[in-house]
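Down below is the structure, laid out as structure tokens.
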Amino acid sequence: NARIYLNGQLHENIKFEFNTESIMNNAGNDFFVLDAIAKFEFNDMVNIWVGRQLVPSDRAELNGPFYHSTYEFNKTPFYPSDQGSYTAGKFGRDDGINIWGALTADKKLTYVVGVFNGKVGGSDQDDNLLYAGRVSYNFLEVEKNPGYYTSSTYYGKGGNILTVGFAAQYEEDMLGSVAAGTGDFFGYSVDLLGETTLGNGGVVTIEGEYKRFELDGANALELGADAAVGGVNDGTTINADTNMAEGDFYTGTALYLMPGKVGIGQLQPYVRYTYNDEESSSSQDRDEYEAGINYIIDGHNARVSLMYQYGDLNSKGRLNYSDATGDDVHAIKLGFQMQI
């Protein structure tokens, strides 16, 4: 990834943000506008952002790809706005308006609600809007992030944290095609982050999430399965529709940042489990056990990760929920993250 970040201020209450993204892959370079936001920030309670920006969702997606506690992120299905081929946007972005802030003087209760373009064309001939929102409560220290963004760990520098968040998204006629029938999308999730520094200087971090996606309307699930194999297709069905999952999804991670340095960094062993209970008869449930160790050199800016994974999440995939099959497989991976 190669991103250019531009931020500025025109007035005490008027700011702007413009970010780009360039991804190098086998198909070549994909360069696009990531964020283009006009910010009207008045006080702790009410702030308005207008433009292309992150749609309110669960912590896993609001973290972005680089502020998670593990190298590979978000093993549960993505919300529609975070599916790259979905018309709403890329990396969880869409064009719309967000209102965010804190509802209490101590800033422990926070919120963000927004209205976005959502899917344009295809099954949504009426240009229905995407509605999204998130509320969270900080039981201990208040997390400090830009705007309504989140992180999965602060490596002990954020104090003792216990935060619970609830997010939801809804869009009418998001699924299917005009010819074969359309369906609505409704999804919600509850996530928890806990982090505490022990007396010996070690840091314990736990993170968990429950997510529920519902695809309502005639033939929403069947249409997805048929379109995936070239069946029902009137020229308006979008691939991302076929990959949307319906069901209950769970994930949990526990990490321990060991006190003291080993060389230039600290060791952080962890375990994680993910279970995606997909309801469609055309797909199968999938899960994954993961154990690994992070070598933290400079927080999110520089770290190395070695991980072992076992399950069918790698073989069936995180995005394809149409007729996905695959065996339980073993995987050993080595990852390096550096932000400049």
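The length gained by stretching the chain between residue 22 and residue 66 to full extension, at 0.36 nm per residue less their Cα-Cα distance, is 14.4 nm. Put the Cα centre of segment 265-340 next to the Cα centre of segment 117-155 and the gap is 23 Å.
Listed by chain and number, the lysines whose alpha-carbon sits under 23 Å from that of residue 107, ignoring those within fewer than 8 places in the same chain, are 15, 39, 144, 157. Pairs over the 19 Å Cα-Cα cut-off, from the set 90/333; 90/119; 119/316: 90/333; 119/316. When all alpha carbon pairs of segment 16-175 are counted in 10 Å bins from zero, the resulting P(r) reads 10, 37, 36, 14, 2 %.
Distant-in-sequence amide contacts of residue 109, defined by a placed amide H-H separation under 5 Å and a gap of 5 or more residues or a different chain, comprise 103, 104, 138.
Any read-out appearing in this document is the output of simple, stated calculations on the displayed coordinates, not a laboratory observation. Owing to the predicted nature of the structure, the values given are computational and were not obtained by experimental measurement.
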